[in-house]
Amino acid sequence: MAIRAKQIFVNLPVQDLKKSVDFFTKVGFEFNADFTDESATCMIMGDNIYAMLLVEERFLSFISKKISNAAETTEVIVCLSADTREQVDAIVQAAFDAGAKPHNEPQDHGFMYGWGFQDLDGHLWEVSYMDMSAFPRE
């Protein structure tokens, strides 16, 4: 039986929840107040796609290992889809304007275009647009 999840919740540790909320608000995301308190918030990334931003102490309550230092190591890259190339650029530029660091240069593969940034805690984010009508088929 194939697994078909109905929702996805990406849990990310953050050092300063208020700064993270301010940053991601400037990027263009909204938050669910029902799942927000002083130690966590639910960032809405799309229909049924969420990021739980958890202060490190709260994040530690869910794990038995150390938290990876995202400024020094990479465990995951969160990739979001965009509707156009221009939207990719706009989202990444908004992140830079809000204080993000570059993660990579824009990548143009013809049918696929993407660009990325590091958030305030060093987590890697990519935004990509894919034009399946231009996908190379044999």
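Readers should treat all values here as calculations from the given coordinates under stated rules, not as data from a laboratory. What you are looking at is a predicted structure, and each value in this text was computed from that prediction instead of being measured. Ideal geometry is used to build each Cβ from the backbone, glycine not excepted, and the neighbour counts take in all protein chains shown.
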For the pair A71 and M132, how long in nm is the line joining their label points, each one 7 Å along Cα→Cβ? 4.1
The stretch 38-49 - phi-based ³J(HN,Hα) in whole Hz, Karplus 6.51/-1.76/1.60, Gly and Pro as x: 6, 10, 7, 8, 10, 8, 8, 9, x, 4, 6, 10
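Trypsin sites (Lys or Arg not before Pro) within the stretch 1-100: which are DSSP loop residues with at most 16 other Cβ atoms inside 10 Å?
Details: sites: R4, K6, K18, K19, K26, R58, K65, K66, R85; in loops: R4, K6, K65, K66.
Answer in residue order: R4, K6, K65, K66.
Using DSSP to define loop residues, name the chymotrypsin sites (Phe, Trp or Tyr not before Pro) in the stretch 66-118 whose beta-carbon has at most 10 other beta-carbon atoms within 10 Å. Please report the intermediate quantities before stating the final value.
On the way: sites: F96, F111, Y113, W115, F117; in loops: F111.
Nothing satisfies the criteria.
To the nearest 0.05, what FRET efficiency results for E57 and Q7 with a Förster distance of 22 Å applied to their C-beta separation?
Details: r = 25 Å, r/R0 = 1.14.
Computed FRET efficiency for E57 and Q7: 0.30.
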State to the nearest 20 debye the size of the charge dipole of the chain about its Cα centre, where the only charges are +1 on K and R beta carbons and -1 on D and E beta carbons. 380
So what is the relative contact order for the stretch 74-138, in percent, with contacts set as C-alpha pairs under 8 Å and at least six apart? 38
Pull up the cross-link candidates among the aspartates and glutamates for K66, meaning alpha carbon to alpha carbon under 17 Å and not fewer than 8 places away within one chain. E56, E57, E75, D121
Among A33, A98, A71, determine the one that fluctuates most according to a GNM of the chain built with springs between C-alpha atoms less than 10 Å apart. A33
Two-site label geometry, D83 and N32: point separation in nm, points 7 Å out along Cα→Cβ: 2.3
Taking the alpha-carbon centroid of each part, what is the distance from the stretch 63-95 to the stretch 99-138 in angstrom? 10
